[in-house]
Amino acid sequence: MLSRLPSGALKQASSAARLTRASAVSSSRSASVRFASSSSSTSSNAFESFMNSRLTLASATLFTAGTVAWYAHLYGTLPFLGEAHASHHSDEGLHPVAYPWSHNGFFDSFDHASIRRGYQVYREVCAACHSLDRIAWRNLVGVSHTADEARVMAEEVEYPDGPNDDGEMFQRPGKLADYMPAPYPNDEAARAGNAGALPPDLSLIVKARHGGADYIFSLLTGYIDPPAGVEIREGMNYNPFFPGGALSMARVLFDGLVEYDDGTPATTSQMAKDVVTFLNWAAEPEHDERKKTGIKAVILFSTLFVLSIYAKRFKWGPIKNRKIQYNPPADKSGH
Amino acid sequence: MSLSTTIYNTFFKRNSIYVASVFTAAFAFGIGFDSGVTTFWDTWNKGKQWKDIRHKYVQDEE
């Protein structure tokens, strides 16, 4: 917009301002005023062209927009604009800490010993209320258990099957192809057994919650007494990481609750870490293979990209470097 | 005979040889690249994968 002004406009404005300023100081130091006005005739040209340039306009705009965006990113609100919230920050829950999971990096697989311990924690603790619908016994094979172990575990559970020749349904021991047994036959039974609160299915819970594994670990280890002034209803428990602060699930992990086969001390945080690793595997069973394929894809595609750049430059080199010489036809008109 | 002439005479002169060498090279590269990445992956994740802890749980392997 500035650049559309007539080029003299800004000069007139600045020189007029300079004149009044010069007359104001001329009473005290007339020599220095003349010196200032004479030397500024060259600098005013530079100043004017600086003020008129599109680059100045663009960079000032960019600086302003950048500063506002930076402020908004840093403080979450726009500067100089008040906000009123109907909710309190505690309603959204504490943000979980980013924990250094053993599978965090681009090249890191799951820690399968941890998955195995986590399955034990799930089976002995979480499975009392939480189902794991999308995981079958066969999914554990080659991940945390051998086929024989998984088969034995499946056989300990009875599954309905049928109908048989008499048209009756019957119970049979589980097979590898059966899915994990649910603690309640349906959601209504689950609600009735848990004071109206439905324990969510844990198959995809790591993908289904903001903060993922960090959030679930924080939730499992984050139970504290409610701070002063926070009222928690009877039967509810306070956890700052849970949105709203009050949840029906009580703290379940205590030191030494399970006994690990491999002798790992079963502290609260160890059990929480293991079970979250297990749930992360349940949500992303393709995780290891995906990362491995990703390594291959990145190597191959970056190589192909470099090759394509080279081929393009190779083909276009002569075209870009050619010089077209124009020989004007001999002038035949003037003679 | 220069190197490029040797390469030309060996691989590019006959189309049958050329196509066969492309297919062989793709096959060999596939295997080599795959095993290379797998070696890196296994080294990086030493002790974390199932195949590293499987021996503790297998009962008897006939």
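Each reported figure results from applying straightforward, stated rules to the coordinates on display, with no laboratory input. Given the structure is predicted, the values throughout are model-derived calculations rather than measurements.
Classify the protein assembly as shown from the C-alpha gyration tensor, please: rounded if a/c falls under 1.5, else prolate or oblate depending on whether a/b exceeds b/c.
Details: a/c = 3.34, a/b = 1.44, b/c = 2.33.
Oblate, because a/c is 1.5 or more while a/b does not exceed b/c.
Connecting C-alpha atoms closer than 10 Å in a GNM of chain A, tell me which of A:290, A:313, A:116 has the biggest fluctuation.
A:313
Restricting to Cα pairs below 8 Å that are 6+ residues apart, what does the relative contact order work out to for chain A? Please round to a whole percent.
Values: 335 pairs, mean separation 61.4, N = 335.
The value is 18 percent.
Using only Cα atoms, locate the centre of region A:213-241 and the centre of region A:123-145, then give the distance between them in Å, rounded to an integer.
26
What residue among A:270, A:325, A:171 has the largest mean-square fluctuation in a Gaussian network model of chain A, using Cα springs under 10 Å?
So, out of A:270, A:325, A:171, the one fluctuating most is A:325.
Quick check: the angle from helix B:15-44's long axis to the longest principal axis of chain B, C-alpha only, nearest 10 degrees?
30
For a quick check, take a GNM of chain A with Cα springs below 10 Å and name the residue from A:87, A:131, A:269 with the largest mean-square fluctuation.
Of A:87, A:131, A:269, the Gaussian network model singles out A:87 as fluctuating most.
Cα to Cα, under 30 Å, and not fewer than 8 places away if on the same chain: which lysines meet these conditions relative to residue B:51?
Correct list for residue B:51: A:175, A:207, A:273, A:291, A:292, A:296.
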